[in-house]
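Asks: The structure under discussion is supplied below as structure tokens; questions concerning it will follow.
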Amino acid sequence: MTAPEITGAGTAGAAPEHLRGRGAWFKRLPVVHQLRQSVGLQRGMLVAGLVLTVAFVVLAAGARWIAPYGWAQLRGPDGMFGAQQPPSADHWFGTTVGGYDVLSRVVWGAQTALFVVVVAVLSSIVVGVVLGLLSGYFGGWVDRLLVLVADAVYAFPSLLLAILLAIVISGGQSSMWGGIFAAALSITVVFVPQYFRVVRAEVVRVKGEAFVDSARVLGTGHWRIMTRHVLRNSIRTLPLIVTLNASEAILTLAGLGFLGFGIEPTAAAEWGYDLQRAVADVTSGIWWTALFPGLAIVVAAMGMTLVGESLNDLADPRLRSRSRSKQVSGKVAATSVVADDQQKGDVA
């Protein structure tokens, strides 16, 4: 076989150079990149978590079209729903002690939970990242003060702090957006120290790198160094914290509602409140009013937790090396060619 033939055979299936970049941006997306890296159990956990999370988001976004009734609707075309009706063709999940349709409350409750998660996580990221960046970059007495406050807040019981802040922020209001923002902001205060500590630690590490010193020598201003050099290299672990905090936000919201500090049923649907109202029904054999809100809390929190734990595992460089070694060994095995006659000769 001549050299041109070997070269042609080796590159026959290769894509042209100008086409190799197409679709590369899609493969570099955060979740897609981790999904391609994952193997075995980690891939199964990540896929299961993504399926549950996407189902939760779709349910929340399409609540207006998915829910058969409103969250506070008590009457249908045929009259009043009736209290504590068992699951039937008219009410697939039955009705609550207040006469609300359980299925509609569960679907609309997903939308309320999604609103709280988005507001809480976004506000926590903005405040925590800004404070962590300033504290880690400039240091001094401001850094020591912020670290002291963050440690004090982080050491305080999160649910108790959320209850206290929910009472202070809501001020007795029971409107939908008032309750959502009260719950979200109370959760935000709990989450800010986590982002602050992570970002500050990364900023302290990155600002001592050679490329940051080079930027200072070239006369680059502090604002440009912080935003273009330090910040971009200090927030790589935030997606892991976001997924875990999203599940914690759902559980904290459910805890507030279960303890009576959540949103009123006429203002919005909330899983924790519905679960608290259904506690007395369980002893009477009425299981459907507690089963479906509780199951919704577990499934939504578990989906985001699986995504977060999978991303956390994939951040381990040892797992990446095992995945890469497995891929390389598979490619080597696929390209190794041994003639049948030689194999027969070796066996003989």
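Asks: Taking into account only those residues within region 281-311 that are over 19 Å from the mean Cα position of the chain (by Cα), free of Cβ contacts under 8 Å to residues at least 40 places away in the same chain and not in a loop (DSSP other than H, G, I, E, B), which is farthest from residue 97 (Cα to Cα)? Reasoning before the result, please.
Replies: So in region 281-311, the residues over 19 Å from the mean Cα position of the chain (by Cα) come out as 281-294.
So of that shortlist, the ones also free of Cβ contacts under 8 Å to residues at least 40 places away in the same chain come out as 282-285, 287, 290-291, 294.
With not in a loop (DSSP other than H, G, I, E, B) added as a condition, the list becomes 282, 290-291, 294.
Numbers: 282: 11, 290: 11, 291: 14, 294: 16 Å.
So the residue we want is 294.
Asks: While we're on this one: Return the total of residues in region 52-88 being surrounded by 13 or more Cβ atoms within 10 Å (Cβ to Cβ) and either part of a helix (DSSP H, G or I) or free of Cβ contacts under 8 Å to residues at least 40 places away in the same chain (or both).
Replies: 20
Asks: A further question follows. If you scan region 242-280, which residues turn out to be over 24 Å from residue 306 (Cα atoms), among the hydroxyl-bearing types (Ser, Thr, Tyr) and in a helix (DSSP H, G or I)?
Replies: The answer is 273, and nothing else.
Asks: Ok, one more. Quick one: would you say residue 259 is surrounded by fewer than 19 Cβ atoms within 10 Å (Cβ to Cβ), of a type in the set (A, V, I, L, M, F, W, C) and closer than 30 Å to residue 100 by Cβ? Walk me through how you get there before you give the answer.
Replies: Numbers: surrounded by fewer than 19 Cβ atoms within 10 Å (Cβ to Cβ): yes; of a type in the set (A, V, I, L, M, F, W, C): yes; closer than 30 Å to residue 100 by Cβ: yes.
Yes: the conditions hold for residue 259.
Asks: Just checking, how many residues over region 49-80 are within 14 Å of the chain's Cα centre (by Cα) and hydrophobic (A, V, I, L, M, F, W, C)? Break it down into steps so the answer makes sense when it comes.
Replies: Keep residues of region 49-80 that are within 14 Å of the chain's Cα centre (by Cα), which gives 49-57.
Now narrow it down to the ones that are hydrophobic (A, V, I, L, M, F, W, C): 50-52, 54-57.
Result for region 49-80: 7.
Asks: Could you please find all residues in region 119-133 being free of Cβ contacts under 8 Å to residues at least 12 places away in the same chain and within 13 Å of the chain's Cα centre (by Cα)?
Replies: Taking region 119-133 as the starting set, the residues that turn out to be free of Cβ contacts under 8 Å to residues at least 12 places away in the same chain are 122, 126, 130.
Across region 119-133, the qualifying residue is only 122.
Asks: Also, I was wondering about something else. Name the residues in region 187-223 that are of a type in the set (Phe, Trp, Tyr) and modelled with pLDDT of 85 or more, would you?
Replies: 191, 195, 196
Asks: The conditions are (1) within 20 Å of residue 49 (Cα to Cα); (2) at pLDDT below 80, and residue 266 fails exactly one of them. Which is it?
Replies: (1)
Asks: Any residue at all in region 201-212 that is touching a Ser or Thr at 6+ places or on another chain (Cβ under 6 Å), β-branched (Val, Ile, Thr), assigned to a helix (DSSP H, G or I) and on the phi < 0 side of the Ramachandran plot? Show your work before the answer.
Replies: So in region 201-212, the residues touching a Ser or Thr at 6+ places or on another chain (Cβ under 6 Å) come out as 202-203, 206.
The next check asks that each one be β-branched (Val, Ile, Thr); those that pass are 203, 206.
From what is left, the residues that are assigned to a helix (DSSP H, G or I) are 203, 206.
The next check asks that each one be on the phi < 0 side of the Ramachandran plot; those that pass are 203, 206.
Looking for residues that are touching a Ser or Thr at 6+ places or on another chain (Cβ under 6 Å), β-branched (Val, Ile, Thr), assigned to a helix (DSSP H, G or I) and on the phi < 0 side of the Ramachandran plot, one finds at least one in region 201-212, hence yes.
The values are calculated or read from the model by the stated rules, or taken from the named source; none is laboratory data. Fair warning: this is a prediction, and the values are worked out from it, not measured in the lab. Don't worry about glycine lacking a Cβ; one is built from the backbone with ideal geometry, like all the others, and counts go over all protein chains shown.
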